[in-house]
1. Considering only segment 317-341, state which residues are touching a helix residue (DSSP H, G or I) at 6+ places or on another chain (Cβ under 8 Å) and part of a strand (DSSP E or B).
2. Residues of segment 511-537 being assigned to a strand (DSSP E or B), in contact with a strand residue (DSSP E or B) (Cβ under 9 Å, 6 or more places away or on another chain) and over 17 Å from residue 559 (Cβ atoms), which ones?
3. Here are some residues: 555, 540, 563. Which one is part of a loop (DSSP other than H, G, I, E, B), surrounded by 15 or more Cβ atoms within 10 Å (Cβ to Cβ) and either free of Cβ contacts under 8 Å to residues at least 40 places away in the same chain or over 47 Å from the mean Cα position of the chain (by Cα) (or both)?
4. Hey, does segment 171-181 have a residue that's more than 37 Å from the chain's Cα centre (by Cα) and not in a strand (DSSP E or B)?
5. Considering only residues of segment 136-163 that are in a loop (DSSP other than H, G, I, E, B) and over 19 Å from residue 39 (Cβ atoms), which is modelled with the lowest pLDDT?
6. Restricting to segment 571-603, give me the number of residues that are under 43 Å from the mean Cα position of the chain (by Cα), in a loop (DSSP other than H, G, I, E, B) and farther than 15 Å from residue 474 by Cα.
7. Could you tell me whether residue 141 is assigned by TED's automatic domain parsing to the domain that holds residue 217, at negative phi and buried (at least 21 other Cβ atoms within 10 Å of the Cβ)?
8. Does segment 72-89 contain at least one residue that is at pLDDT 70 or above, buried (at least 24 other Cβ atoms within 10 Å of the Cβ), touching a strand residue (DSSP E or B) at 6+ places or on another chain (Cβ under 8 Å) and within 25 Å of residue 381 (Cβ to Cβ)?
């Protein structure tokens, strides 16, 4: 943030006060980020999240007075910081983009790590985000109450909880904390348990906490406020008379208000009547603010149901914006108060909107999502699984989408993945038509469920396609004509044979080891029964159209099935891993016959 001076958080504040610091909460999935915030604000946001995992960035103001009451420092320690604005970010690794956007907004961060599970891939990823954004952070080592034998002291400071434990529990806690110290050291961070830190500007503090019992949370809040007070007050000042700048968290329909935007305002001031520009899926929308609504303190903007109407709002805060023509606004887009050169402002918004990192292919699946970040997250996850994307949009599912997907010939590509977005009625209507049976739609409000469901279906469908293709292939086989088993010499020749290797099928052609053609296998019989194929080791009678026994073929001859060249290509590339060892051996012998005169045959 720029080092500026001005008013603080709210239009009526006095001059030169400090802006509310933005604190980003990051970490691995299910390590307790939202539960930690729930304990702080006394809410139950975690229970309302889809899959109990945060799917969007949320924002909660925690006033300084509440922090002082929880930490027991009210009237003891004076702070200039008016409170903390927490941004709760999704923890699953697919949300890299949203977390990066959250990290970039943050003045400070809390990296949440399960004390018992330790560092996970997304923990490392979060560290890299914080390092790249040069964001100061504290480690909240959660779930310390799950250490076997832990004696709970609800909502108590860490030192009081620590003193209540026996030597074995203390030893386990120390070991787990120093495992985190070691991991952070490997990533290039100097760190220590917070009560042993002498210089918070040089050492990352680790605060053991529990989001369930509240233990250690007073210490965590005090460390965060202390960091803001001692090292960030200059950076937290800004001119609130300047034009407001923020990020759209979510686009919502509110009764009596119409379409509204949940916004993180991170710079300047936004007032009723201001003209704003914001990104939509049809370009940049220009409109005027009709109403501003702020969630109550200690409430999460994405789940709040009662708001306070205000005439203006100053950074940093979560604010609900009501204005005309917001229907097509895209979550994740910038929102700016119009000031100065309108063309430059519009160009700036479009540039950020167009930096969506989705790699498109000429052939691939369709993806839809409700936010830019979710679209990026889906595309990154699919790219890691080498699943190509043909179309990516922030939009509901339409009739046009279904019709276009139905024209795709590859059944593995006739797919639409939809994250947290709706189907328009005309899309449902067209899906009922007979020729739409090949269109597969996967919908979920939890991204990792969406990805897992699709990958499971893709694997199953691919196996079915391979099985069907496999059954249509002519397989290699090696046979020999048995003595005393010539039942008919010609038209057709009927002889007894032993299958030396591979799989003999009806309808195939036979050749000699020197490449000479023999004839066409018309029928295979085992005893009195006709069968379509015979595997290695079986002795069967076959009828062969073309040869005469004693002329073109003789008892004791070894013959091979003449596998077509394009079938060999499929067998040696796509299907080779599915072949048995004896079929592979016969295939190798057969291709050697063909490649004597043409070395690249079947390759």
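1. Just the residues of segment 317-341 that are touching a helix residue (DSSP H, G or I) at 6+ places or on another chain (Cβ under 8 Å), to begin with: 330-334, 336, 338-339.
331, 334, 336 - these are the residues of segment 317-341 that are touching a helix residue (DSSP H, G or I) at 6+ places or on another chain (Cβ under 8 Å) and part of a strand (DSSP E or B).
2. Kept after step one, since they are assigned to a strand (DSSP E or B), are these residues of segment 511-537: 511, 517-526, 529-531, 533-535.
The next check asks that each one be in contact with a strand residue (DSSP E or B) (Cβ under 9 Å, 6 or more places away or on another chain); those that pass are 511, 517-526, 530-531, 533-535.
The answer is 525, 526, 530, 531.
3. Working: 540 fails: part of a loop (DSSP other than H, G, I, E, B); 563 fails: either free of Cβ contacts under 8 Å to residues at least 40 places away in the same chain or over 47 Å from the mean Cα position of the chain (by Cα) (or both).
So the residue among 555, 540, 563 that is part of a loop (DSSP other than H, G, I, E, B), surrounded by 15 or more Cβ atoms within 10 Å (Cβ to Cβ) and either free of Cβ contacts under 8 Å to residues at least 40 places away in the same chain or over 47 Å from the mean Cα position of the chain (by Cα) (or both) is 555.
4. Pass one, segment 171-181, residues more than 37 Å from the chain's Cα centre (by Cα): 171.
From the residues that got through so far, the ones that are not in a strand (DSSP E or B) too are 171.
Yes, segment 171-181 has at least one match.
5. So the first thing to find is which residues in segment 136-163 are in a loop (DSSP other than H, G, I, E, B), and the list is 136, 143, 147-157.
Keeping just the survivors that are over 19 Å from residue 39 (Cβ atoms) gives 136, 148-149.
Working: 136: 88, 148: 93, 149: 93.
Among residues in segment 136-163 that are in a loop (DSSP other than H, G, I, E, B) and over 19 Å from residue 39 (Cβ atoms), the one modelled with the lowest pLDDT is 136.
6. 1
7. Taking the combined requirement at face value, the residue satisfies it.
8. For segment 72-89, residues at pLDDT 70 or above, buried (at least 24 other Cβ atoms within 10 Å of the Cβ), touching a strand residue (DSSP E or B) at 6+ places or on another chain (Cβ under 8 Å) and within 25 Å of residue 381 (Cβ to Cβ): present.
The values are calculated or read from the model by the stated rules, or taken from the named source; none is laboratory data. Computed from a predicted structure; not experimentally measured. Positions of Cβ are backbone-derived with ideal geometry, glycine not excepted, and every protein chain shown enters the neighbour counts.
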